[in-house]
Amino acid sequence: MRISVDEEKCCGAGQCVMIAPEVFDQRDEDGIVVLLAAEPAPGRHEAVRESASVCPAAAIHITEQA
């Protein structure tokens, strides 16, 4: 799994950080998403998928790798 985020789309809702704090964080000044792990460990994949699905701005993009 490879993750990318679109900071321009991010609205700072913080759902991703609440669901997968090992993978996502937020900038202090404006709340925009910060990607901590572009290729998370397999044990984090489900939380990352959930984060992407609940993101109100659709700013999280996942590429599944074989």
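Readers should treat all values here as calculations from the given coordinates under stated rules, not as data from a laboratory. The structure displayed is predicted, hence computed values, not measured ones. When we count neighbours, we look across all protein chains shown, and the Cβ atoms used for this are built from the backbone with ideal geometry, even at glycine.
For the chain, what does -39500 (n - 2.57) per DSSP helix run (n ≥ 4), summed and divided by total residues, give at 222 nm, in deg cm²/dmol to the nearest 500? Intermediate results must be reported in sequence, preceding the final value.
Values: 2 runs with 15 residues, N = 66.
So the helix-based figure for the chain works out to -6000 deg cm²/dmol.
Mind putting a number on the dipole of the chain about its Cα centre? Charges go on the C-beta only, +1 for Lys and Arg and -1 for Asp and Glu, and I need it in Debye to the nearest 20.
Working: 5 positive and 12 negative charges, 45 e Å.
So the magnitude is around 220 debye.
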Could you work out how far helix 45-54 tilts from the main Cα principal axis of the chain, as a 0 to 90 degree angle to the nearest 10? 40 degrees
